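The next block holds one structure in the form of C-alpha cells; read it before the comments.
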Amino acid sequence: MRKNKFILLVFILVMSSCKNEYVLDIDNVSELNNAILESEKYMKKIEVLPAYYSRYYAEFGDLHLGKIGLLYSTLNYDPNDSIQEGRYNPNWQSNVDTLQNVPGLNPEEWKELKRNLKILGKYGIYWSEQEYYNDGKFQFYYYLYKSDKYNKIGPRAFLAVLSEAQTQTRDFKSRFIIMDRKDNLYLLISSDRN
C-alpha cells in the first residue's frame, strides 16, 4: 500500500511539473482544426485492406518529415507477395505524396487530402492513430504531436478534434488525460503512461 502511495505521489509531482509544458502553443487553431477535419473526411474514404475493413480506416505517418506514408490501404497490395506481420499485414506505403491517386479517392480529393496532411505536418503532427473502445467501433482519430519534445519530458502528447460529449465518457476518461484545450482541439496524454 505504501509503495502505491509513493508511486502515485511521484506521478502527481511529475505531472504537475510537466503541466506547464503540455500546452497548445498553436497560433492558428482554426487552420489546424479545419485541416484535421478535412483530412479525416478523406481518410475514411480510402480503400482499406480486407483484413482491416470492418475495424480500421486509413492512417498516415511521416508527416513531420514533410512526407506522407499510408497504412491499411489497398495501394500496391498483393496478398500473395506480402510479408505477414503477425496475423495481418498493414501494408505500409512510404512517400505516397508523390502519387497521383490512391484507391478510394478521386484525384481532386487526393490532392486536397495531401494539402491538409502537409498542414498537419507543419504543426508538428507525426502520424494518425485511431481510438476504439470495448465495443470495437471507431471513436475518433488522434495524432501524435511534437514527439521529439514531449518524449524528453514525459508521456507522449496527442491532438484530437473532439466534442465536449466525447470527452465526458467513461471510456475516454479511462484512456486519456486532457492537458490543454482550444475550442474543440484537445491536447491529450494517455492515461496508461505508455
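Values as computed for the structure displayed
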{"read-out": "Cross-link table K67/K152; K45/K137; K45/K67, entries beyond 22 Å C-alpha to C-alpha", "value": "K67/K152"}
{"read-out": "Neighbour net charge for S54 - beta-carbon separation under 13 angstrom, K R +1, D E -1", "value": "+1"}
{"read-out": "Neighbour-limited loop hits for GluC sites (Glu not before Pro), the stretch 101-153 (at most 13 other Cβ within 10 Å; DSSP other than H, G, I, E, B)", "value": "none"}
{"read-out": "Sum of side-chain charges, N28 neighbourhood, beta-carbon under 12 Å (Lys, Arg +1; Asp, Glu -1)", "value": "-2"}
{"read-out": "Accessible surface of the stretch 34-83 [probe 1.4 Å, protein heavy atoms]: carbon and sulfur percent", "value": "45 percent"}
{"read-out": "The stretch 106-193: trypsin sites (Lys or Arg not before Pro) falling in loop per DSSP and having at most 16 other Cβ within 10 Å", "value": "K137, R156, R193"}
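The values are calculated or read from the model by the stated rules, or taken from the named source; none is laboratory data. Keep in mind that this is a model prediction, so the values were computed, not measured. Ideal geometry is used to build each Cβ from the backbone, glycine not excepted, and the neighbour counts take in all protein chains shown. Side chains included, ligands, DNA and RNA excluded: accessible areas come from the protein's heavy atoms. Shrake-Rupley method; radii C 1.70, N 1.55, O 1.52, S 1.80 Å.
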